[in-house]
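Below: the structure, in structure tokens.
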Amino acid sequence: QLLRLCEAANADDGESLDAVDAVLGAPLVLFEPRLLGPKLETLAAAPDDTRVAACLALFYAVDWLRELLNGFCRQREPEMRAKVVMRATQLVVLEGVLDACLAVTPHFRLPGIIGDQRAAHPAKQKKPAEKSKPAQKSKPAVAKPKP
């Protein structure tokens, strides 16, 4: 959201995004690569919550890189264009890692912001009501008079 606000403010002035270009070159901090291990063997053996956290971190990193590319793709300065190309290359790599992580975490669901709320919080789902047995015919409270 902040990046979009900066884009909108600079678009009105007709200036480039040079004032906020530090965000394009700023490092992206994720978990240590050793968490994944060669061919994702370490991640596949990790507990569920660790695998889900890794998928979530990668998802948000991929999303952030896409936002950066969308925001800075129109820049004409060679230095800025080089940073955009570097980020595009990183995006391709992270998308590949995310795909591989998703393969070993088949139950992963995005948080409630995106997708189905019930899928994000299975523990909070209401249990379906048990089917009630059909009511047994009861005898009328008042007996019919005999003729």
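The values are calculated or read from the model by the stated rules, or taken from the named source; none is laboratory data. As the structure is a prediction and not an experimental result, all values here were calculated from the model. Positions of Cβ are generated from backbone atoms using ideal geometry, with glycine treated the same way; all protein chains shown enter the neighbour counts. Accessible surface areas use protein heavy atoms only, side chains included; no ligands, DNA or RNA. Shrake-Rupley method; radii C 1.70, N 1.55, O 1.52, S 1.80 Å.
For residues in segment 29-41 being surrounded by fewer than 15 Cβ atoms within 10 Å (Cβ to Cβ) and modelled with pLDDT under 90, which is farthest from Leu91 (Cα to Cα)? Of everything passing the filter in segment 29-41, Glu41 is farthest from Leu91 (Cα to Cα).
Pairs linking a residue in segment 84-108 that is over 17 Å from Val29 (Cα atoms) to a residue that is open to solvent by 40 Å² or more (accessible area, probe 1.4 Å) and in a loop (DSSP other than H, G, I, E, B), with Cβ atoms under 7 Å and 6 or more positions apart or on different chains, are Val84/Cys73. In segment 49-79, the residue that is most open to solvent (accessible area, probe 1.4 Å) out of those that are within 17 Å of Ala26 (Cβ to Cβ) and among the acidic types (Asp, Glu) is Glu79. Residues in segment 80-116 that are exposed (fewer than 12 other Cβ atoms within 10 Å of the Cβ) and modelled with pLDDT under 90: Ile113, Ile114, Gly115, Asp116.
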